[in-house]
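Data block below; observations after.
The values are calculated or read from the model by the stated rules, or taken from the named source; none is laboratory data. As the structure is a prediction and not an experimental result, all values here were calculated from the model. Every residue, glycine as well, gets a Cβ built from its backbone with ideal geometry; the counts of neighbours run over all protein chains shown. Just so you know, the surface numbers come from the protein's heavy atoms only, side chains and all, with ligands and any DNA or RNA stripped out. Shrake-Rupley method; radii C 1.70, N 1.55, O 1.52, S 1.80 Å.
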Amino acid sequence: MNLANKLTIIRIFLVPVFMFFLLVKIPYGEYIAAFIFILAALTDSLDGYIARKRNQITKFGKFMDPLADKLLVSAALISLIEKGKLSAWVVILIIAREFAITGLRVLAASEGITIAASWWGKIKTISQIVAIITLLLDNYPFRLIHIPFDKISVTLAVIFTLISGFDYLYKNKNVYLAGNK
């Protein structure tokens, strides 16, 4: 197993550790959870970079890396609902987009088509991670200067989630319309 795949597995194992510190009432638990989330999010960038740089892209990595990302982000978003920091509709919208695009990719793969990540998809991911971190840190340090960056970052994450979802669907309409001709 190569280093990139090991980082993906570490990210998966960090999910329950992250949730433990976030949801169990212990001193500084939310800050520890935020640190773990940031660490896990960084492994996402790092594993992809390592796999491309070393030419170690594997079927395992192609399958598990996006799964690990969705698991981490979904766990964080759902936990933030439980903590009362995020509305359920936001989480449903984000997760629904993930299901839709994953379904599109599976359908495309069955036709021998690979749908690569787009810039909108990357911006979406970054905006979601920033929003989650901001919520985990209770809008620190922005709350000190009375800037609602947490609300701004969540709004941007929703906007970029919608744009990227529509972008994937529009650019790949040949995949899901092919059977209707």
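Pick from segment 21-36 the residues that are in contact (Cβ under 8 Å) with a residue 12 or more places away in the chain and of a type in the set (Phe, Trp, Tyr): which of them is least open to solvent (accessible area, probe 1.4 Å)?
Step one: of segment 21-36, the residues in contact (Cβ under 8 Å) with a residue 12 or more places away in the chain are 21-23, 30-31, 33-34, 36.
From the residues that got through so far, the ones that are of a type in the set (Phe, Trp, Tyr) too are 21, 31.
On the way: Phe21: 49, Tyr31: 102 Å².
The selected residue is Phe21.
Just one of the numbered conditions (1) more than 27 Å from Phe20 (Cβ to Cβ); (2) surrounded by 15 or more Cβ atoms within 10 Å (Cβ to Cβ) is not true of Ala76; which one?
Every condition holds for Ala76 apart from (1).
Can you name every residue in segment 153-181 that is in a helix (DSSP H, G or I), polar (S, T, N, Q) and either open to solvent by 60 Å² or more (accessible area, probe 1.4 Å) or over 15 Å from Ile94 (Cβ atoms) (or both)? Write out each step before concluding.
Here is the first cut: in segment 153-181, the ones in a helix (DSSP H, G or I) are 153-171, 173-180.
Next, only the ones that are polar (S, T, N, Q) stay: 153, 155, 161, 164, 174, 180.
Selection gives Thr155, Asn174, Asn180.
Whether any residue in segment 93-110 is over 24 Å from Leu177 (Cα atoms), surrounded by 13 or more Cβ atoms within 10 Å (Cβ to Cβ) and among the small types (Gly, Ala, Ser) is what I want to check.
Restricting attention to segment 93-110, the residues satisfying the condition of being over 24 Å from Leu177 (Cα atoms) are none.
No - not one qualifying residue is present in segment 93-110.
Among the numbered criteria (1) surrounded by 14 or more Cβ atoms within 10 Å (Cβ to Cβ); (2) under 20 Å from the mean Cα position of the chain (by Cα), which one does Asn2 miss?
Every listed condition holds for Asn2 apart from (2).
Please go through segment 140-181 and pick out each residue that is under 13 Å from Arg97 (Cβ atoms) and touching a residue at least 40 places away in the same chain (Cβ under 8 Å). Outline the logic, then answer.
Of all residues in segment 140-181, those under 13 Å from Arg97 (Cβ atoms) come to 157-169.
Across segment 140-181, the qualifying residues are Ala157, Val158, Phe160, Thr161, Leu162, Ile163, Ser164, Gly165, Asp167, Tyr168, Leu169.
Would segment 16-29 turn up any residue that is closer than 22 Å to Ser153 by Cβ, of a type in the set (Ser, Thr, Tyr) and out of contact with any Pro (no Cβ under 7 Å at 6 or more places or on another chain)?
no
Within segment 112-152, work out how many residues are small (Gly, Ala, Ser), surrounded by 13 or more Cβ atoms within 10 Å (Cβ to Cβ) and either at positive phi or at pLDDT below 95 (or both). Don't jump to the end; show me each part of the working.
Restricting attention to segment 112-152, the residues satisfying the condition of being small (Gly, Ala, Ser) are 112, 116-118, 121, 127, 131.
From what's left, surrounded by 13 or more Cβ atoms within 10 Å (Cβ to Cβ): 117-118, 121, 127, 131.
With the extra rule that they be either at positive phi or at pLDDT below 95 (or both), the set shrinks to 117-118, 121.
Qualifying residue count, segment 112-152: 3.
Out of all the residues in segment 37-49, which are at pLDDT 90 or above and in contact with a helix residue (DSSP H, G or I) (Cβ under 9 Å, 6 or more places away or on another chain)?
Narrowing segment 37-49 to residues at pLDDT 90 or above: 37-43, 46.
Scanning segment 37-49 gives Phe37, Ile38, Leu39, Ala40, Ala41, Thr43, Leu46.
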